[in-house]
Each structure stands twice: as structure tokens, then as C-alpha cells.
Amino acid sequence: QLQQINVMKKYIFFFITVLILVFLSACIQQEINSLSLPEKNKIIKAYYITENGYKSTTDKENINNLLFELSLVNIKSFDSLQDTPRVDEYSEINFELSTGTSSNKVFVYKTQEGFFVEQPYNGIFTIDEIQYQSIVAIFDD
């Protein structure tokens, strides 16, 4: 009977170890499935660049709203393996920081399949139309 208890302890230990590993891998995956954005207090200006030119904002409330909308992006649909999206029309969002230009640029676009935010080499994330319109509207002042 003592031997059965020792065997049972080993199984319980193994089961708990597996649960911990699954939990940790889920945490790591969640971190990967988010955009890499600059620190809010370092942003001086945000740019919205299209093929027709660009718009920018220095308004802190607009920048905070933009960061809020982008922080909600977390449904990774595809990998991003290039510097720009593989679609015909897209807009680029870039940030000017107190330390220089940020490398945390993102692209927003719509296709027949839906609405997306793409960050080069990080991922292509699905968003809904309302979120897409909210991001674009920030620069329509």
C-alpha cells in the first residue's frame, strides 16, 4: 500500500508539472499575440500615412485613444513575414518619440476578408469594422 501511495504521488507531481507548463506557455503565447507599442509618455506625435499623404496628431487625448484602440488588438490571424502588408491599399501608423522615430509602426487595412492591423514580423491581427473606423477617425480632426 505504501508503494501505491508513492506511485500516486509521482502521478500527481507529473500532472501538476504538466499543468504549470501549459499555463506558462499560454502566458507566453498571450504576450506574443499583442502589438509592440511605444511607451505613452514618450510619444510626441502620431502619423497616419496613406498613398495620398499623411495626417498627424500631437494631441495627447488622441494619442491615448489611439494607443487604447491598438492595445485591444490581440486576435492574431496570420504571421507577418515582410516589411509592408501584401495588400494593395493600406495605411501606416508611426510614432515620433522624444528619443526619435519609433520602430513600432503598424499598418491598418481592409480586404474582402475583413479588417486588419499588421505589425511587421509580429503578426497580422483581425479587428472589427468599428475598431477600424475608430482608429482612422482619430486622425480626422
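Heavy-atom accessible area per residue, the chain, 1.4 Å probe: how many Å²? Display every interim value, and only then the final one.
On the way: 9660 Å² over 141 residues.
With the other protein chains kept in place, the chain gives 68 Å² per residue.
Going by amide H atoms built from the backbone, whose H comes under 5 Å of the H on Lys45, apart from near neighbours?
The list, which skips near neighbours in sequence, is Glu96.
Rounded to the nearest 500 deg cm²/dmol, what is the calculated helix-only ellipticity per residue at 222 nm for the chain, with -39500 (n - 2.57) per DSSP H run of length n ≥ 4? Show your work: numbers first, answer last.
Values: 3 runs with 52 residues, N = 141.
Rounded to the nearest 500, the figure is -12500 deg cm²/dmol.
Taking Cα pairs under 8 Å and at least six residues apart, what relative contact order does the chain come out at, in percent? Present the calculation step by step, with values, prior to reporting the outcome.
Values: 202 pairs, mean separation 33.1, N = 141.
This gives 23 percent for the chain.
If the viscosity is 1.567 mPa s and the temperature 4 °C, what translational diffusion coefficient in µm²/s does Stokes-Einstein give for the chain when Rh comes from Kirkwood over Cα pairs?
Stokes-Einstein gives a translational diffusion coefficient of 75 µm²/s.
Could you look at the chain and say what percent of its accessible area is carbon and sulfur, using a 1.4 Å probe and all protein chains? The partial results should precede the final answer.
Working: 5340 of 9660 Å².
Its accessible area is 55 percent carbon and sulfur atoms.
Kindly rank 114-123, 5-14 from highest to lowest mean number of other beta carbons found within 10 Å of each residue.
Working: 114-123: 19.4, 5-14: 9.6.
Top to bottom by mean Cβ count within 10 Å: 114-123, 5-14.
For the chain, build the charge dipole from Cβ charges (+1 Lys, Arg; -1 Asp, Glu) around the Cα centre, then report which of Asn94, Asn65, Asn41 sits farthest towards its positive end.
Checked the options; the winner is Asn41.
Quote the FRET efficiency, to the nearest 0.05, computed for Glu61 versus Ser98 with a Förster distance R0 of 25 Å and r equal to the Cβ-Cβ distance.
Values: r = 18 Å, r/R0 = 0.73.
According to the calculation, E is roughly 0.85.
For the pair Thr17 and Lys40, how long in nm is the line joining their label points, each one 7 Å along Cα→Cβ?
In this crude label model, Thr17 to Lys40 measures out at 4.3 nm.
With +1 assigned to the C-beta of every Lys and Arg and -1 to the C-beta of every Asp and Glu, and no other charges, what is the dipole magnitude of the chain about the Cα centre in debye, to the nearest 20? Provide the component values of the computation, followed by the final result.
Working: 11 positive and 18 negative charges, 193 e Å.
In total the dipole reaches around 920 debye.
Grab the chain and count how many Lys pairs have their alpha-carbon atoms under 16 Å apart, sequence gap of 8 or more, or different chains.
Taking the Cα cut-off of 16 Å, the pair count is 9.
The values are calculated or read from the model by the stated rules, or taken from the named source; none is laboratory data. Keep in mind that what you see is a predicted model, and the values were worked out from it rather than measured. Positions of Cβ are generated from backbone atoms using ideal geometry, with glycine treated the same way; all protein chains shown enter the neighbour counts. Accessible surface is based on the protein model in full, side chains and every heavy atom, while ligands, DNA and RNA are left aside. Shrake-Rupley method; radii C 1.70, N 1.55, O 1.52, S 1.80 Å.
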